[in-house]
Amino acid sequence: MKVSVVYALPNEQVWLPVEVDDEATVLSAIHRSNILEVFPTINLQQQKVGVFGKVSGLDAALKEGDRVEIYRPLIWHPEDDDDEDDDE
């Protein structure tokens, strides 16, 4: 079946169509796409992944046409704003 794997950086977006087995998971599609070789800084132990904007696990089953998304790590943390307020 056909799915896609996407990853977006601030200045670059990558969309990779992938042919996978009917029993494919998010992780198997990511590996099949070779995106980890293109972006070796992706860390699947720390970065969230999802399908069509909904966070899912690496073991989530895929359906024909699904879009697997690898989300960038947060660079801003809400608790950082709390620290600034404490200084006032």
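The values are calculated or read from the model by the stated rules, or taken from the named source; none is laboratory data. From a predicted model like this one, the values you see are computed outputs, not experimental measurements. Backbone-built Cβ (ideal geometry, glycine too); neighbour counts: all protein chains shown.
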Residues of region 44-63 that turn out to be at negative phi and exposed (fewer than 10 other Cβ atoms within 10 Å of the Cβ), as a count:
4
Filter result (within 19 Å of residue 16 (Cα to Cα) and at pLDDT below 95) within region 59-78
72
Which condition does residue 20 not pass, out of (1) of a type in the set (A, V, I, L, M, F, W, C); (2) surrounded by 15 or more Cβ atoms within 10 Å (Cβ to Cβ); (3) closer than 22 Å to residue 73 by Cβ, if it passes all the others?
(3)
List the pairs whose first member sits in region 1-24 and is under 13 Å from residue 35 (Cα atoms), whose second member is outside any strand (DSSP E or B) and of a type in the set (S, T, N, Q), and whose Cβ atoms are under 6 Å apart, counting only residues at least 6 apart or on separate chains?
5/33; 16/33; 18/33
Check residue 29 against each of (1) surrounded by fewer than 18 Cβ atoms within 10 Å (Cβ to Cβ); (2) more than 19 Å from residue 73 (Cβ to Cβ) and name the one condition it does not meet.
(1)
